[in-house]
Amino acid sequence: MNFKRLTLITLSLFFITIPTYSRDITSINAFEPVMLNQSEVVFKQVKTRIDTIDPSLTASYYPGGRGANKLVIYTPNYGLHTGTNEFGTEAIVEGNIVTSLSGADSTIPINGLVISGHGTAKNWITQNITVGSKVYVDIFSNTITVYTTSDSYTFEAEAKINEAKSIINYYMYSFRDYNYRLPGGHIQTAENYLKIAEKEKQNRSVLTQYTQEAIDEANMAIKTSLPYIENELKGVWLRPTEKTPEQIIATLEKLKTNGFNNIFLETYFHGKTIFPSQTMNRYGFTVQNELFEEFDPLKIWINEAHKRDIKVHIWFQSFYVGNKPPEYSSSSILSVRPDWGNKTKRSYASQKPTKSLSEHNGYFLDPANPEVQEFLQELISEIITTYKPDGINLDYIRYPNASAGNDLNAWGYTEYARNDFKKLYGVDPVELTPADVQWYDWNQYRRDNVTNFVKKIGQLGKEKNVYISAVIFPDIASALSTKQQDWRTWSSKNYINGFTPLFLTYDSKMLASMMNDVISIKSPCTDLYAGLFVTFMGGSSEDLVKQIFETRKMKANGVILFDYAHTTPVYTTTLMAGAFNSMKNDKSKIAQQQKKKITEEKKKEKDSRKVITTTNSKGFWVFTKQ
């Protein structure tokens, strides 16, 4: 049965289509009115309309069928994941309680649902739903009601405390010389606050204050719980905006100070290079991105990074050339070579390249065209030969995103590809539909185009002793069906050194599930670096710590944050509280830091009044000056 067919449009239609569900969704607790405990107090109740439940993918080109500004409910009948992109937010509901907040492509619990929103709907979720909220979805009026109760507050606090305990217990038994005292102290304080909150359930101000204090202390326990791992890659994707050598050096100093040891520097993006390229010049394309004219930033980035023991991987947008129309510049790639532009089946007869509506209206090159592959290979070869980077990170190493089951929105219908496929199989792919036997051959043809390019770059990396990695989509079924990305073959045939999957979530459980999907399929010889989107999606800093913890438990080779522009001091301070702080495990350095701190405090003490500590009626420290 196809589980993605039901969309609730009208009340009468809903009554007709209920029997087609493979599971009676009304048995899910969230579809029943919320029943409160006798002692439970409701502090907030909000209600809004739902746009759809389990949207039909064939009716939308948006990932997961979630349109702009839409609020969508996904039930287990939709599938395993929501399939949404990183531009929204999601709340995972088990029973009728929100157990976690995610960002995109969430796992749909078998005993619950996922609330997903984009734009204004995303804002509504952010403002009204927290971990512990109780949910009622009225399928007859297409509305959702969210309750914040006294139990909601304590639920989140208890969950955070248990998460912190789990991390600490893991390292106490598996990490030599693990220092548990600091995070342990935060947990003890959190539990004391929670006890007070439990006694004051009827008093909203007291309950709110002490549960929040408990949550804050539990968060501090999480942030300080991770030790530093010496051989772990700690990376970040970085789109350069620095226009002088001094600015580049300043950024590298910040990266070094914040514990990063690898950067993935965006070097070829939107169809332009940040360096003056002989290859681009030879083809008649824009020689260098206009933002960086007058100097060669790539040379400075690599030289200065290496001085600071930071490795540089070239972040390379393989088949993507940006979202500006080709005619905006006479030297843009698709202006000079419009025949290189990828096309959908719907627009195969057009003389102009097709833009991908679901990917920022961006334009793509045709992987089937050998001239495209030759150009990209020459460009990568120039970078390796001239600048000697530590690695090449292939991004957009795929076809544009296509709607599953909608062949009109499928990609690859260029004149070259159609003629080439017809020579091989005797049929123009424009004539094929997913129901045809040769549709499989058409899919395999497109996947092989991408795989052959990966093989070439992988061989180049072996010859030049340069590490080759690729950005992949962790759901192999989706990667194959909607992007023609066959990363399983790249790994099994050892074409590539490592994967940098995009994990579009800030929920640690979802991350673990997605990582497991990759680990269970990839070859053991292929390294795995987890691409974390917590900072880009606006997750909390403790979410980032929990995700790093999950990657370590699953033996990943390291993490890469997306991206530098969104990695604000809120996140870097948290990373330096433990996970990225090399001094945390160095006792001599710690002693030096502590000695320096004591000296500074003694100096300040001379000019300050004596501080007396007492305890209040609740047993907490109170500081007063004399």
Residue identified as within 20 Å of the chain's Cα centre (by Cα) and either open to solvent by 20 Å² or more (accessible area, probe 1.4 Å) or not hydrophobic (A, V, I, L, M, F, W, C) (or both) among Gly112, Gly119, Gly95: Gly119
Selection status of Phe269, closer than 30 Å to Thr573 by Cβ and surrounded by fewer than 20 Cβ atoms within 10 Å (Cβ to Cβ): yes
Hits in the range 280-321 - residues which are more than 30 Å from the chain's Cα centre (by Cα) and open to solvent by less than 20 Å² (accessible area, probe 1.4 Å): Met280, Phe285, Thr286
Selection from the range 232-242 of residues that are open to solvent by 10 Å² or more (accessible area, probe 1.4 Å) and either modelled with pLDDT under 95 or closer than 30 Å to Trp340 by Cα (or both): Arg239, Thr241
Selection within the range 303-332 - among the hydroxyl-bearing types (Ser, Thr, Tyr) and part of a helix (DSSP H, G or I): Tyr328
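Residue-by-condition table, conditions (1) in contact with a strand residue (DSSP E or B) (Cβ under 9 Å, 6 or more places away or on another chain); (2) closer than 21 Å to Leu255 by Cα; (3) open to solvent by less than 30 Å² (accessible area, probe 1.4 Å):
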residue: Pro501; (1), (2), (3): yes, no, yes
residue: Ser513; (1), (2), (3): yes, no, no
residue: Val518; (1), (2), (3): yes, no, yes
residue: Ser523; (1), (2), (3): no, no, yes
residue: Thr526; (1), (2), (3): yes, no, yes
residue: Phe536; (1), (2), (3): yes, yes, no
residue: Leu561; (1), (2), (3): yes, yes, yes
The one condition in (1) open to solvent by 30 Å² or more (accessible area, probe 1.4 Å); (2) farther than 16 Å from Arg66 by Cβ that Gly83 fails to fulfil: (2)
Where a residue in the range 95-123 is more than 18 Å from Thr143 (Cβ to Cβ) and its partner, wherever it lies, is assigned to a helix (DSSP H, G or I) and open to solvent by 10 Å² or more (accessible area, probe 1.4 Å), with Cβ under 6 Å and at least six apart: Gly95/Asn29; Gly103/Met537; Thr107/Ser513
Inter-residue pairs, beta-carbon under 6 Å, first without any contact (Cβ under 8 Å) to a residue 40 or more places away in the chain and in the range 322-339, second part of a helix (DSSP H, G or I) and open to solvent by 30 Å² or more (accessible area, probe 1.4 Å), 6+ apart: Pro326/Ser335
Elements of type helices (runs of 4 or more DSSP H) contained in the range 452-528, each with 2 or more residues being modelled with pLDDT of 95 or more, out of contact with any Lys or Arg (no Cβ under 7 Å at 6 or more places or on another chain) and of a type in the set (Ser, Thr, Tyr): 487-492
Number of the exception - Ile249 against (1) closer than 30 Å to Thr267 by Cβ; (2) of a type outside the set (Asp, Glu); (3) in contact with a Ser or Thr (Cβ under 9 Å, 6 or more places away or on another chain); (4) surrounded by fewer than 19 Cβ atoms within 10 Å (Cβ to Cβ): (3)
Test for Ile18: is it out of contact with any Ser or Thr (no Cβ under 6 Å at 6 or more places or on another chain), among the hydrophobic types (A, V, I, L, M, F, W, C) and either at pLDDT below 50 or surrounded by 14 or more Cβ atoms within 10 Å (Cβ to Cβ) (or both): yes
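So that you can scan it fast, the table gives a plain yes or no per residue for (1) at pLDDT 95 or above; (2) in a helix (DSSP H, G or I):
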position	(1), (2)
Leu334	yes, yes
His360	no, no
Ala368	yes, no
Ser381	yes, yes
Of all residues in the range 98-109 being under 16 Å from Ser133 (Cα atoms) and polar (S, T, N, Q), the one that is surrounded by the most Cβ atoms within 10 Å (Cβ to Cβ): Ser102
The range 252-266 - residue that is open to solvent by less than 50 Å² (accessible area, probe 1.4 Å) and over 30 Å from Glu371 (Cβ atoms) and, of those, farthest from the chain's Cα centre (by Cα): Leu252
Test result for Phe275, part of a loop (DSSP other than H, G, I, E, B), under 18 Å from Ile384 (Cβ atoms) and in contact with a helix residue (DSSP H, G or I) (Cβ under 8 Å, 6 or more places away or on another chain): yes
Ser329, sole failed condition from (1) within 18 Å of Ile457 (Cβ to Cβ); (2) among the hydroxyl-bearing types (Ser, Thr, Tyr); (3) over 25 Å from the mean Cα position of the chain (by Cα): (1)
Any chance Lys456 is surrounded by fewer than 20 Cβ atoms within 10 Å (Cβ to Cβ) and touching a residue at least 40 places away in the same chain (Cβ under 8 Å): yes
Selection from the range 384-436 of residues that are open to solvent by 10 Å² or more (accessible area, probe 1.4 Å) and of a type in the set (S, T, N, Q): Thr385, Thr386, Asn401, Ser403, Asn406, Asn409, Asn419, Thr433
Selection count where residues are touching a Phe, Trp or Tyr at 6+ places or on another chain (Cβ under 9 Å), surrounded by 19 or more Cβ atoms within 10 Å (Cβ to Cβ) and of a type in the set (D, E, K, R), scope the range 213-231: 2
Residue, surrounded by the most Cβ atoms within 10 Å (Cβ to Cβ), within the range 538-559, restricted to residues that are assigned to a loop (DSSP other than H, G, I, E, B), modelled with pLDDT of 95 or more and at negative phi: Ala556
Given (1) touching a residue at least 24 places away in the same chain (Cβ under 8 Å); (2) over 24 Å from Ile560 (Cα atoms); (3) assigned to a helix (DSSP H, G or I), number of the condition Ile300 does not satisfy: (2)
First in the range 160-178 and more than 11 Å from Ile222 (Cβ to Cβ), second anywhere and open to solvent by 60 Å² or more (accessible area, probe 1.4 Å) and part of a helix (DSSP H, G or I), Cβ under 6 Å, 6 or more apart: Tyr178/Met172
Selection count, the range 249-263, where residues are of a type in the set (A, V, I, L, M) and touching a Gly at 6+ places or on another chain (Cβ under 7 Å): 1
Set Glu431, Glu359, Glu378, Glu415: member being farther than 17 Å from Thr273 by Cβ and touching a Lys or Arg at 6+ places or on another chain (Cβ under 9 Å): Glu415
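The values are calculated or read from the model by the stated rules, or taken from the named source; none is laboratory data. Here the structure is a predicted model, which is why all the values come from computation and not from measurement. Please note: Cβ atoms are built from the backbone with ideal geometry, for glycine as well, and neighbour counts cover all protein chains shown. Just the protein is used for accessible areas: all its heavy atoms, side chains included, with ligands, DNA and RNA removed. Shrake-Rupley method; radii C 1.70, N 1.55, O 1.52, S 1.80 Å.
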